[in-house]
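Have a look at the structure below before the remarks.
The values are calculated or read from the model by the stated rules, or taken from the named source; none is laboratory data. As the structure is a prediction and not an experimental result, all values here were calculated from the model. Don't worry about glycine lacking a Cβ; one is built from the backbone with ideal geometry, like all the others, and counts go over all protein chains shown.
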Amino acid sequence: MEQETSNHLENSNVISEMLGDERTDKIDTKLGQVEATKKDVIEAEQFTEPEILNLAKTVKRRKKRPKPKNQVTMDRQKKMQQIQDVLSSTPLDLEALRELAIGDGGLVKDELRRKAWPRLMMIEHMEVTPKPALDVVKAHKDYQQVVLDVKRSLKRFPPGIDDDYRIILMDQLTGFHDVAITFLLVMGEDVGFEMVETLSITHLSEFMRPTMEKTTYYLTYLYPILHRANEKLYQFLIDSGVGTVFCLPWLITWFAHTLSDYRNVVRLYDFFLASPYLMPMYIAAAIVLLKKEDVPDSLPFEDILVAARKLYEEYPPDTLQEEVEEYLKKKAEEETLEKQRLIERRKKFDAKKLPYRKLMDAISHYVPFIPVQRQKLIKIVAFAATVFLARSLYNYCSTPAVEFVAN
């Protein structure tokens, strides 16, 4: 009995070191009573040595438990209250509102976004201007293209939306429809129209220019960021010649063109409206660093936003500007060389066609037809020559076979 008791106490000391005092209180209480009575020893023996060691291994392997649902709900309600407090404060604490929009979960729900988005864009008093009449819109030179783009953007509407409301929203989309539909769905028709118009001369103004020059300049920031964050991946992309066109819709539509989940889109818009204008390129870099081929809605966007913000802090745009200009200069030189090579190839091709052109010019000189008739005659002659050549080759190849069968 004393030997068993000693063994149990030694095991208790070992387990205490592995699990800590709190997890072994019950074991120690049971084992501490073994000297009193045999009954206590029997009760203590319900924790046998294999069971105790197995318990230790189980606790050691135990992972961090996720937050219970009620905790998530409480955190969500707490953040909504924080947003409400900031929005109702006088004067408005804009930096606090930006931090809440950037932080985990963003602005949480559309009801709060309707109040916060205009503040983030620093639109205090929004005056709703009358919208152009339908006849004026249809008379615009780009109307048909807009209609096609709007039809394509139908996938962005939440399921179950009223048909009449959907038609109203479709009529309001002008140009950058993927961005416009997001603001119209969150802010409503009138206010959404005004915010999109404001956005076109602020955050997205560079993408509204007649040429892609400035857009290309912004896209190029991707490579200096990757160069500093992951040189091996950067070199692979450079060697592959993939360029930056794959992330063009990410930048100019704030990922609205790529993502189909409405919740992910509005979450990103919370982030962008509270961040510097070039932040979409840092998010693009964060996604590429995950080595993903596309941007599915299942990506861990909260983690990506944290990573993008860290990249921005470590490699701000002003430290990348020189490398961006260097990259563009090198790209322009490569394009110039490629154009020269194309010109040289064209010259060689034209030189090979020169005898044929001289022959055709000689024939044209002696054939007194108008140009249309001359061209038709040339086609007939070329077709007849092709048929004659094909028949000659057929006869040449088939005759020996016939003679062989006859013999």
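Is it true that Arg113 is buried (at least 17 other Cβ atoms within 10 Å of the Cβ), at pLDDT 60 or above and under 27 Å from the mean Cα position of the chain (by Cα)?
yes
Residue-by-condition table, conditions (1) in contact with a helix residue (DSSP H, G or I) (Cβ under 9 Å, 6 or more places away or on another chain); (2) in a loop (DSSP other than H, G, I, E, B); (3) surrounded by fewer than 20 Cβ atoms within 10 Å (Cβ to Cβ):
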site	(1), (2), (3)
Glu206	yes, no, yes
Thr211	no, yes, yes
Leu248	yes, no, yes
Phe255	yes, yes, no
Asn264	yes, no, yes
Leu268	yes, no, no
Tyr277	yes, yes, yes
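Looking at the structure I just gave you, is Val86 hydrophobic (A, V, I, L, M, F, W, C) and at pLDDT below 85?
No.
Kindly indicate whether Tyr315 is aromatic (Phe, Trp, Tyr) and surrounded by fewer than 21 Cβ atoms within 10 Å (Cβ to Cβ).
Yes.
Report the residue count in the range 259-285 for those that are under 12 Å from the mean Cα position of the chain (by Cα) and closer than 19 Å to Thr216 by Cα.
6
Which one is modelled with the lowest pLDDT among residues in the range 66-80 that are under 29 Å from the mean Cα position of the chain (by Cα) and among the hydrophobic types (A, V, I, L, M, F, W, C)?
Filtering the range 66-80 for residues that are under 29 Å from the mean Cα position of the chain (by Cα) and among the hydrophobic types (A, V, I, L, M, F, W, C), the one modelled with the lowest pLDDT comes out as Val72.
Determine which single condition Glu127 fails, assuming it passes every other condition in (1) in a loop (DSSP other than H, G, I, E, B); (2) at pLDDT 90 or above.
(2)
How many residues are farther than 18 Å from Ile123 by Cβ, in a helix (DSSP H, G or I) and not hydrophobic (A, V, I, L, M, F, W, C) when one looks only at the range 80-109?
5
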